[in-house]
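Everything on this sheet refers to the single structure shown next.
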Amino acid sequence: MLTKPQHNLLRWLAAFPESLERAWDVPRELSLPGLADAMGVVRSGLNAPLKHLENEGYLNKRMAHVIGGGTRRRNVHHITQKGRDWLNEHGQESEGFTVLEHQSPVNAPFSPEPLRSLFGRDRAMAEVMALLDTQQCVQIHGMSGIGKTAFGRALAENVTSSRWATADAFSDAQSLAESWCPEVSTWPSDPASMAEQIHLHVGEALYLLDDVHAIPKRHAAKVESLVHALRSAELQVVVLAKPPIEFADGWPSHQLDALEPEEAMNLLPEHIAEKERLHIAQALGGHPMALHLHQEGSVLPEAGESIQSYISTTVLGDLDEQNQRALDAMVLFPRPLSIHHLPHGEAIGDLDDHALLRWSGNDERVEVQHVVRNVRRAMFSAQELLELHKQAAAHWKACGTTEEHQVLRLYHELASGHRSHDLEDRVQAVLPSQHRTLAVVLESATAQREGDEELHFLAGQVALHRMELNHVRHHLERLSEGDRQRRLAFGLASAEGAVDEATAILAAQLDRSTPLEAAKMLLAASVQALEDRVFDQPNSPREATVTEMLERIDLPDEPIHRTPLMVSMALVRHALALDLGEHDGAVAIRSSLEALSHQADPVLQAMILREDLHSNRVFQEGLVNRIESVASMQPTPFHEAMIRLSGVEQLVNRGSGQDALALFEKLSRPLTGQQQGQAWYRYCARWWYVRGHLYSKERRACLREAVQWFRRAGCHTAAESVLNRLHRVL
């Protein structure tokens, strides 16, 4: 008869396909560290049961490359046919302990990691479950390594449905919402709207948020708003963190303390005598992580010695120089990082064998165990920290293959005090996809260098992109008079709808600009004024404003600049004529451009389509094909999306909801492309607004988001129209 640990090992290994028995690359879950994590015991605790199963022919051991475990091959374990036959004969369940089936993280709403054995927490579990039944929300706190995450995972298994999110140093409300609800592909920016989406797509569930203490101050307010919105919707929420948990102040709480030695000893290998196991558990104070870090034969802490001291002297003291360098590089990680391109990646396997690493994302991301990280960071001098940041910046610069690598390089450069001459260009290049990280990195940098105006300007630009106007004002106040101050002030005035202030700043900018720069600014302002409206309400084009701006443009003599400006001005006049109902005038403008190009020019075809849509000359059954035909001609994905979006709006106006929905699903989604600027913001505003027409259950969230994007684009007439519609919906 097999023991409970042996039974559980067979069940776990049986969940993996037989094809892995011949694979060169195998998942970490088949190695000793992965198995120990799955079973919830120390590494050495599995040596005896694994050896017995191998001797009895229930499993095989071989050498293979463990994904993410460095370059050296490691021992991995596979169940044999004899082992599978034993499971079939004796059943899949193990008395007193159940291991979850192995899951894919893509389809698993909860963490794919298995349920571990949880010792000494029965009373705590009962108390927390009782609190949830009566209070809906609970905060669970305790020191690093005490077992909060393991407790949370076990708690999730005691309810019908659960969703999990883990915070890190760059997390914001949206990133946590994405973890809780991966079903949603495009998120609104307003926390209340995020909560509505979660409630709509997931509904009743237990929402767990781990490592709340890691949430950066820069994003804390919106995270708090999101969590409180979930509470207001009467959804159950559990937050886990080191104390204090500020935004959970007043929530019912439960503190996790160290395990009683009689329970903690169960984490140690069964082949160690019971008396010795109890002695080790007592010496380590029943601290779960300290027990996992303990190596057989290593020196135990003296009476009264803290866990932190034990880790610094004994656990870290056992590492050789190469592994120590690798660990030092990893303790600076601001969040779990992909196993690919890690510094000192060849040492990952050894560090994992020492139980020093914490894995996530289906073992695709890794970081140092938090209690170890905190202890090691405290051991560095200020100069040593600067040197480690410099080394990390050089590493990520050499990688530089992804935007995550680029923003990590920026993070370490600023932490080391280094400044590159192309800082603004680099920030702008990654802003659309990395804005939440940039907000934290630049906020920290400005706090360290309060007088650095370039950093304040860039932090203000990121805040403006995120429509966090209080942060924009904070950084604007720290800029002296000059170009940066005017640019940020203009963006803030436009976002706030301060038209007179924005107009005055634009006038001042025009006076300081070259004729070509002034022409581009006037053209952009005319387009913004023209498009400051929504598609399903009566047009109120600012004819005088648009015309006055166009007439002020002084065209340059150089053809390379003159021709594009002329074409752009013609497009604005063409759109204005159609909005005013002057179809013949629009045709004449378009005809004047034909002399500069040819009939099949995509710009001209787009103009003809707009004329036909305004005059309703395209029959309903041919409209979608016509829109698709013209869209496919366009020179860029953005131009293609704009044609389709205009087509969706026309289809909605004509009452053709099914055709509109089919065409809408082909559109580029907000924040998924590498786009920014006023044209992109207007596109996003229109996208959210028309989505609100097509998805009635999401209408309130979509209208709120459309208001934000129109304001971001400086289109406050449109924003006011949408806001009025939202009030009617509410």
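Structural remarks
- Candidates in region 251-266 are the residues that are part of a loop (DSSP other than H, G, I, E, B) and buried (at least 21 other Cβ atoms within 10 Å of the Cβ); of these, the one that is farthest from the chain's Cα centre (by Cα) is L259.
- Set I348, I339, I307: member being touching a helix residue (DSSP H, G or I) at 6+ places or on another chain (Cβ under 8 Å) and not assigned by TED's automatic domain parsing to the domain that holds A398: I307
- Of A679, A685, all but one fail to be touching a residue at least 24 places away in the same chain (Cβ under 8 Å), closer than 18 Å to P432 by Cα and crowded, with 23+ Cβ neighbours inside 10 Å; the exception is A685.
- Verdict on A429 being modelled with pLDDT of 95 or more, closer than 28 Å to Q174 by Cα and of a type in the set (A, V, I, L, M, F, W, C): no
- The set of residues from region 267-291 being buried (at least 18 other Cβ atoms within 10 Å of the Cβ) and assigned to a helix (DSSP H, G or I) comprises L267, R277, I280, A281, A283, P288, M289, A290, L291.
For every residue, the table says whether it meets (1) in a loop (DSSP other than H, G, I, E, B); (2) polar (S, T, N, Q); (3) in contact (Cβ under 8 Å) with a residue 40 or more places away in the chain.
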| site | (1), (2), (3) |
| --- | --- |
| G34 | no, no, yes |
| D37 | no, no, yes |
| P49 | no, no, yes |
| N60 | no, yes, no |
| M63 | no, no, no |
| G68 | yes, no, yes |
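- Region 371-395, subset in contact (Cβ under 8 Å) with a residue 24 or more places away in the chain and either hydroxyl-bearing (S, T, Y) or within 22 Å of G70 (Cβ to Cβ) (or both), residue surrounded by the fewest Cβ atoms within 10 Å (Cβ to Cβ): Q391
- Number of positions in region 320-349 that are within 21 Å of the chain's Cα centre (by Cα) and not in a loop (DSSP other than H, G, I, E, B): 3
- Positions within region 134-150 being out of contact with any Asp or Glu (no Cβ under 6 Å at 6 or more places or on another chain), farther than 19 Å from A229 by Cα and either in a strand (DSSP E or B) or of a type outside the set (A, V, I, L, M, F, W, C) (or both), in sequence order: I140, H141, G142, S144, G145, G147, K148
The values are calculated or read from the model by the stated rules, or taken from the named source; none is laboratory data. All of these numbers come straight from a predicted model, not from anything done at the bench. All Cβ positions, even for glycine, are placed from backbone atoms using ideal geometry, and neighbour counts span all protein chains on display.
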